[in-house]
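The values are calculated or read from the model by the stated rules, or taken from the named source; none is laboratory data. Everything quoted here is computed from the prediction, not taken from an experiment. Because the Cβ atoms are built from the backbone with ideal geometry, glycine has one as well, and the counts that use them run over all protein chains shown. Note: accessible area is taken over every heavy atom of the protein model, side chains too, but ligands, DNA and RNA are not part of it. Shrake-Rupley method; radii C 1.70, N 1.55, O 1.52, S 1.80 Å.
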Amino acid sequence: MKLALAADHGAFELKASIKKHLDEQGIAYEDFGCDSKESVDYPRFAYRAAKAVADGTYDFGIICCTTGLGVSMAANKVKGIRAAVCTNEMLAEMTRRHNNANVICMGQNVVTPELANKLVDIFVSTAFEGGRHQRRINLLTAIENGEDI
Ligand code: RB5
């Protein structure tokens, strides 16, 4: 499993602590920035990581900002991305089981580092249920393709 990580300045520290957690578990990842707490524009970093997930190079993305909201909006503009802001364990599990989310977004001012690690663990280890949920994912894809549903 390979993960694509990104954050803006507002979650630079959260990204660092997630990286430490992944290192401890031997999970491979690429850090798409940013590289300091200097102010940057979150769409650029969310886009880089989301694009790398959408093109199949990485299995999942972990993208963070102060709230998780801006990066989720940016990531969801990339075709093939289903990004979900997660603030608790249930959301991290359900967005994999039902939405087949491929990007988890979190906010440094919203989740503790410990909770973020827990949400990452749940997210990457929970399988999509398929079945009726695949039909709904297909409808999301149809919307993305500009179809009327
Ligand atoms: C940056 O100040 C902040 O707006 C950003 O980190 C994010 O929370 C946007 O949604």
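Where the second residue is outside any strand (DSSP E or B) and charged (D, E, K, R) and the first is over 14 Å from ALA7 (Cα atoms) and without any contact (Cβ under 8 Å) to a residue 40 or more places away in the chain and lies in the range 72-91, which pairs have Cβ atoms under 6 Å and are six or more apart or on separate chains?
Hits for this filter: VAL78/LYS51.
Hey, can you tell me all the residues within the range 30-42 that are open to solvent by 60 Å² or more (accessible area, probe 1.4 Å) and not in a loop (DSSP other than H, G, I, E, B)?
Once the filter is applied, which keeps residues that are open to solvent by 60 Å² or more (accessible area, probe 1.4 Å) and not in a loop (DSSP other than H, G, I, E, B), the range 30-42 yields GLU30, TYR42.
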